[in-house]
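Below: one structure, written as structure tokens.
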Amino acid sequence: MHPQIWHQEDVLRKGSFSFLTQRCSVLTLPIENPEHVHSNHSNREQELSVKINASRTNLAASIRISMLQRMDPVHVAELGQRCFRTLRAGHAEFHVSSDHSRMNWLRVGSTTAKPMASSNSTCSHAARVSVFASPGRYVQGAGATEELGRQLKHVGIQGRLLVIAGGTALRQLQEIWRRVLPPEGIDPVIEQFSGECSQAEIDRLSGLGQAERFAAVLAAGGGKAVDTARAVADDLGLPVVVTPTLASTDAPCSALSVIYTADGSFERYRFYGRHPLLVLVDTAVIARSPKRQLVSGIGDALATWFEARTVREACAQNQIGGLPTTTGTALAKLCCEVLLADGPAAVSALEVGAVTPALERLVEANTLLSGLGFESGGLAVAHAVHNGFTELSSTHHCLHGEKVAMGLLTQLVLEGRPHGELKEILAFQKAIGLPISLAEVGVDHNKQDDIHRIASRSVAPGETSHHEPFEVTAAAVADALLAADALGRQWLS
Ligand SMILES: [Zn+2]
């Protein structure tokens, strides 16, 4: 289930492209004209695309590699999974990136190859390893922004700091940054984020960052501002520090960005080798944020355990290119326990702008536990259905966690979980203000075309819906969507 593709350097050196199948047989696709491979070191991105027509005994492959500075192993591992699914299907054609305009595609050549004989001995050079990753340091508390300078100094950051900030962060934190950072030898250069984590915005801010020398990038704001700043830091080769102003997603602690098109549709995930050096959460700022944002964060975090459980049951890969560790899965479970115990009290506290122990625990669950849990524990159908929802512009007014919540109900129905579990989640989601019906996320259950579009997108190659221990088809997801919606509507009436 978990093929591994050799690194780009290996592809070049060996003149072949190999991956490991479930039965430990190595499929090797020789590249006929390796001299045609050359690199373009001016581009920082790394992408690789493969077209394969395959049968059990014969492979016809066309491999296109965009030669770039570094190959991200996570990305390569993810690609490997796609290849394997493709092979199992017997025939397929796919592209890794829809962002061709930024790429320098280099045709490597077409070739045919036969699978090498199966042998257990070929296993040794492609060990399946468990991986856990996290930010370097996590700081949380009311008024934590006052600590930012000292904490930055603690992780070794001095000099000019490129601050990419959303509107709320600018209004609430700018004055504090200008007061607390200079005494610690840090000079903030503040840029406002435009509102969408799109390639155009990443390019704009990276361009500004290239104009002078920075020690790090500080991401301040909601999920999209943070994801954008993370991409900018990666483009500039700098460490990133994150200070979220919302507890609305589990993005702050992770090493990936969700890139959207300019009109707000999901485009792709972008993975990074490095996690944030520091995540600092000021709960006094979070306590002033809109209730809907915190509730959405609960929706995102609630799915974490159920998706991690699935990934573990399926022995599938987590979001950082390994099998889940016991630690990653356990943190996902703890996340769920904290949400169920503290969710209602924390939301009540936030409604009056109060920082309480329940709110502190909930913010930590939404941000740290869910962040570690989804990345190291893994994702499954809930997030794939979220990505499916983004296909419809009628869902764009909904927040990430609201759509994930509906995705979670869909996943539980699809997995055939006991009714008692579904009832507990339905009751919690309704009580806390999360959607439990399609209408609440802007989808009309009578529109078959829309249901089909969501379901098809959620099973696209590379989607985390394929982390289930059984084959997930668009038809099965469509049925689960409709059945989850029917349950939710019953609950609402
Ligand atoms: Zn999420």
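Throughout, read-outs are computed from the coordinates displayed, never taken from laboratory work. Note that the structure is predicted; figures quoted are calculated from it, not measured. FYI the Cβ positions are ideal-geometry reconstructions off the backbone, even for glycines, and counts take in every protein chain you see.
Observations, loosely collected:
- Table column - 3J(HN,Hα) (Hz), the stretch 364-377, Karplus curve with 6.51, -1.76, 1.60, x for Gly and Pro: 5, 5, 4, 9, 7, 5, 5, x, 5, x, 6, 6, 8, x
- Lys/Arg +1, Asp/Glu -1 at C-beta; the stretch 284-336 dipole; positive extreme among Ala316, Ala301, Ala284: Ala284
- Rounded to whole Hz, the Karplus (6.51, -1.76, 1.60) HN-Hα couplings of the stretch 340-346, x for glycine and proline: 5, 7, 9, x, x, 5, 5
- Cα shape, the stretch 186-269, gyration tensor, a/c 1.5 rule: oblate
- Amide H contacts of Val242: Ala219, Leu278, Val279, Leu280, each under 5 Å away and 5 or more positions distant or on a separate chain (H built 1.01 Å from N in the peptide plane; Pro and chain starts excluded).
- Compared with the alpha-carbon gap, the fully stretched path from Asp187 to Glu421 is longer by 79.1 nm at 0.36 nm per residue.
- Residues whose placed amide H lies under 5 Å from that of Glu267, excluding near-sequence neighbours: Ile259, Tyr260, Thr261
- Estimated FRET transfer efficiency (Glu212, Glu147; beta-carbon r; R0 35 Å; 0.05): 0.85
- Taken one residue at a time, the phi angles of the stretch 146-163 give Karplus couplings (6.51, -1.76, 1.60, θ = phi - 60°) of 4, 8, 4, x, 5, 5, 5, 4, 4, 8, x, 9, 9, x, 7, 10, 7, 9 Hz. Gly and Pro are set to x.
- Subtracting the Cα-Cα distance of Leu492 and Asn446 from 0.36 nm times their residue separation leaves 14.8 nm of extension gain.
- Violating pairs (Cα-Cα greater than 22 angstrom) within the set Lys403/Lys447; Lys224/Lys430; Lys423/Lys447; Lys224/Lys403: Lys224/Lys430; Lys423/Lys447
- Extending 7 Å from the Cα toward the beta-carbon at both Glu351 and Arg288 defines two label points whose distance is 2.2 nm.
- Taking Cα centre as origin and charging only the Cβ of basic (Lys, Arg, +1) and acidic (Asp, Glu, -1) residues, the dipole magnitude of the stretch 236-376 rounds to 140 debye.
- Three-way shape label, the stretch 291-492, alpha-carbon gyration tensor, a/c 1.5: oblate
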